[in-house]
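This report concerns only the one structure given below.
The values are calculated or read from the model by the stated rules, or taken from the named source; none is laboratory data. Note that the coordinates shown come from a computational prediction; the quantities given were computed from them, not determined experimentally. Heads up, the Cβs are rebuilt from the backbone with ideal geometry, glycines too, and the neighbour counts pull from every protein chain shown. SASA here: full protein model, heavy atoms, side chains in, ligands and nucleic acids out. Shrake-Rupley method; radii C 1.70, N 1.55, O 1.52, S 1.80 Å.
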Amino acid sequence: MSIVTVQLGQCGNQIGFEVFDALFRDSHCSQGLCSKRENEAYQASCKERFFREEESGVPVARAVLVDMEPKVINQTLSKAGQSGRWKYGQHACFCQRQGSGNNWAYGYSVHGPKHEESIMNLIQKEVEKCDSLSGFFIIMSMAGGTGSGLGAFITQKLQDQYSSSLKMNQIIWPYGTGEVIVQNYNSILTLSHLYRSSDALLIHENDAVHKICAKQMNIKQISFRDLNQVLAHQLGSVFQPTYSEDGSFPYRRDPLGDLMEHLVPHPEFKMLGVRNIPQMSENSLAYSTFTWAGLLKHLRQMLISGAKMEEGINWQVRPPLSGLPPLGKMSVHKDLHLNTSVANLVILRGKDVQSADVEGFKDPALYTSWLEPVHAFSMWKTQRAFDKYEKSAALVSNSQLLVKPLDMIVGKAWNMFASKAYIHQYTRFGMEEEDFLDSFTLLEQVVASYGSLGP
Amino acid sequence: MGRRRRRVEGAARALPEAIAALSRSLPAGPSPEIFRRAKFDRPEAAPVLWQLLFRVLSPLAANNALTDLAPEAQARVVKSALVSQGYPRSAMLQSPEGGPQGSRELLLALSWLLARGPLLEQLLAQTRVQLGDELPQCECDTLASRGLPAPHVETERPVDLRLVEWMMGKLRFGWRRLISSQQEQCALLSKIHLYTRGCHSQKRLGHLSVAETEMLRDPESSQQLLQALESENARLEAALEWRHRELVFWQWMDTVLDACWSESPAVTSQPTVLPMISERGLGALELVKQDLQALQEELREAAERRREAWEAQVGGLGRQPEWSTTRKALQEAVERELVALQGSWEPSSNPSQPQRPHRLVRSQDELPGRQGLQAAEVIRTLSAQEASLKRALHQLQSQCQRELARLAGALPGLIWIMAPGH
């Protein structure tokens, strides 16, 4: 089944390109470490999902590019054209001459209604080219103007028009020390609107990805491209083909549907985070070997300690032994807070994957009391190696990982709102203070719900 | 003498032939000999008949989804299906599950099912070989009335509401995925129809169906299809023969019933089983009965007095003109509602309802007065059905919301985050 990607704004378009490039590169990589037949099936499965065939024979990304300024779209198109291996559709772009000036309201209330018809038409054309549509990836930033405001608007329209198709928003969480003064306003508006219209929010934190680039990849001068490539790698490690339910050939048909059914059935819990391991520069990779036991031990500790990457994991955090109440000392000590999950999905790729043991993820102490591990944990796997890593593991987690950053954003936005700072910039474009209040109420409920997961 | 003997021999042959025809038309039907042994309640007939009843009563058994169930489980399915269809004989329902006892009761149950409705036709329709593409039929009714009884879950402790919401969410995703796979099927079907346009030897059809295309692609499968068609033909012929001969079977079933009565007359005089009540219980029951009678009498008197008072009151009111217009308006409203309700609960009252399967054909020329059912008609019927189902759903939803609101009233400040689209 196919997924149509909608790339919105500067951030969405740049990341979208890297995602398609990573998916294509990996599926045509000769180091898959599997049989020829399996490799061909893997390629075909990836292609059905993300690309379509045109007469020229060059695969075309199932994507629609939307931005209010032409610059980034032009760059994206030419980069895809230069690769010569895949390209974007000829009429898959929509751009205008004037941006949103980091104003969420402008993207949502002005650009959205004005360009709704053209954008929805482009999306419909792309949808009609799919034999079977599983759903949409909507890639956007959370804190800007075009991506976030227009993205929230478009997601709402997709929900109206394609109510049975799945919608997953890939959201880029801004740096804590962001340069846009109203980024917290934009963020709460984006999140609260998406919470009403999207099925799942897959969140990538800029801070975390930046640290990965610095610490794990040893990049000295980190560019947006570096960040986006790490992010594309994470997404690829989740959505490239894996074996179907019984753990063998053929590949699963609808990973987006499977993922959502596993992780986000509850309408109050739909924030997902991704962790992956190993992640390193190509130079170090050549000198490293890994065991499944080692990788999974680290990944599990990343999960329970809430670590964003392999380096600097806190090994002091431990789940209480089943049946025993948690030690009083631990709950007092803030650093030792156990990250409680609603549900987790582990994806394993590579050599000897059949021998990998994931029992450690089935400990009831890792999960909220109302969901048993048998419902809360699932695993996908494939023998096919991903992106030159002989063995790799990814984790998609619906857990408390994002409560703290969310709580901070809501708090900062509330402080600004209480002093009525910059509100007129939003009300100018038809938003009301009531809209802000609704957003605060909803997100505070989300924070409270995630907060109440733990023991 | 000779003529009479021939007639008797003919009658004696007629019964096994009738039963053989019945057997051939049933899925995995047993030999006539099994029926004969069942009449005498022989144990060796029981397992075969349990199996047969299971196949007949469980619509999913045709897809082999349930055939690996243990005999006891199969027998439980049979019993609960019989209960849900209102089978009256308690001897059957109380018999041990899947054991060798009671083969005669099983025979009676089978013939009850045969006598009561178009069972044979339904079974034949289920396993029909599909040559053409068909309109997917709404299967909710069949599954609801004939499927397994819904598992009743008893929980020891209260269930967390969040778990219920989680499960509901899973169902919602399952539903959406079902819709998208249905859409996928339609898209692919349309591709085949367009691609094979003009290939069909029958001009009226124009294009090939999936089964026909598959036959062209793989000659092996045409052999299989031929076999399937041949065996279906045989079953149809057997069913036809059975229809001609069934009278003798029913006469014979009378003798089976007689055998039943002659062996256990007590059962016939007490068809329903009364619960065991102890001596002391009987005394108490007598007291309760007296109380009940007294109460009923009291109630009747009270109701009588109320009615008289009410009639006196209404009689006075009824003479006023505004009263009669109100009453008329009320009556009309009730009638309208009744008609709407009847319309929504009787799908068969709609003449354009597609009662039998139709072959899906894409035609270019939109000539008026063409044979068959037009897509627009079907869509109209389905939309009407959808609307009435939606009405029912909304009614149920608002009922649930009221209940939830009542429950949530105890938790001030609680906010519900609804799933998208709700």
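Restricting to segment A:162-187, what's the tally of residues that are of a type in the set (S, T, N, Q) and within 14 Å of another protein chain (Cβ to nearest Cβ)? Step through it out loud before you land on a result.
Within segment A:162-187, the subset of a type in the set (S, T, N, Q) is A:163-165, A:169-170, A:177, A:183-184, A:186-187.
If we keep only those that are within 14 Å of another protein chain (Cβ to nearest Cβ) as well, we get A:163-165, A:169.
Residues in segment A:162-187 being of a type in the set (S, T, N, Q) and within 14 Å of another protein chain (Cβ to nearest Cβ): 4 in total.
Taken together, the residues in segment B:161-196 that are surrounded by 14 or more Cβ atoms within 10 Å (Cβ to Cβ), hydroxyl-bearing (Ser, Thr, Tyr) and more than 26 Å from the chain's Cα centre (by Cα) amount to 2. Within segment A:109-145, restricting attention to residues that are touching a strand residue (DSSP E or B) at 6+ places or on another chain (Cβ under 8 Å) and in a helix (DSSP H, G or I), the residue that is surrounded by the most Cβ atoms within 10 Å (Cβ to Cβ) is A:Glu126. Filtered by the rule that a residue be touching a residue at least 60 places away in the same chain (Cβ under 8 Å) and more than 9 Å from chain A (Cβ to nearest Cβ), segment B:161-196 gives B:Leu189, B:Ser190, B:His193, B:Leu194. Restricting attention to segment A:149-206, the residues that are farther than 28 Å from A:Ala421 by Cβ, assigned to a helix (DSSP H, G or I) and of a type in the set (S, T, N, Q) add up to 2. If only residues of segment A:421-450 that are within 14 Å of chain B (Cβ to nearest Cβ) and loosely packed, with under 13 Cβ neighbours inside 10 Å are counted, the one that is farthest from A:Leu366 (Cα to Cα) is A:Leu437.
No other residue among A:Asp207, A:Asp226 is without any contact (Cβ under 8 Å) to a residue 24 or more places away in the chain and open to solvent by 10 Å² or more (accessible area, probe 1.4 Å) apart from A:Asp226.
Among the residues of segment A:253-273, write down those that are touching a strand residue (DSSP E or B) at 6+ places or on another chain (Cβ under 7 Å) and open to solvent by 10 Å² or more (accessible area, probe 1.4 Å). Those that are touching a strand residue (DSSP E or B) at 6+ places or on another chain (Cβ under 7 Å) and open to solvent by 10 Å² or more (accessible area, probe 1.4 Å): A:Asp254, A:His262.
Within 14 Å of another protein chain (Cβ to nearest Cβ) and surrounded by fewer than 16 Cβ atoms within 10 Å (Cβ to Cβ): is that true of A:Val374 in this structure? Considered against the rule, which asks whether it is within 14 Å of another protein chain (Cβ to nearest Cβ) and surrounded by fewer than 16 Cβ atoms within 10 Å (Cβ to Cβ), A:Val374 comes out as yes. Please go through segment A:81-102 and give me each residue that is modelled with pLDDT under 85 and farther than 29 Å from A:Ala143 by Cα, ordered by number. Hits for segment A:81-102 are A:Ser83, A:Gly84.
Quick one: would you say A:Pro174 is out of contact with any Gly (no Cβ under 9 Å at 6 or more places or on another chain), open to solvent by 10 Å² or more (accessible area, probe 1.4 Å) and assigned by the TED database to the domain that holds A:Gly16? Here the answer is no, as A:Pro174 does not meet what is asked.
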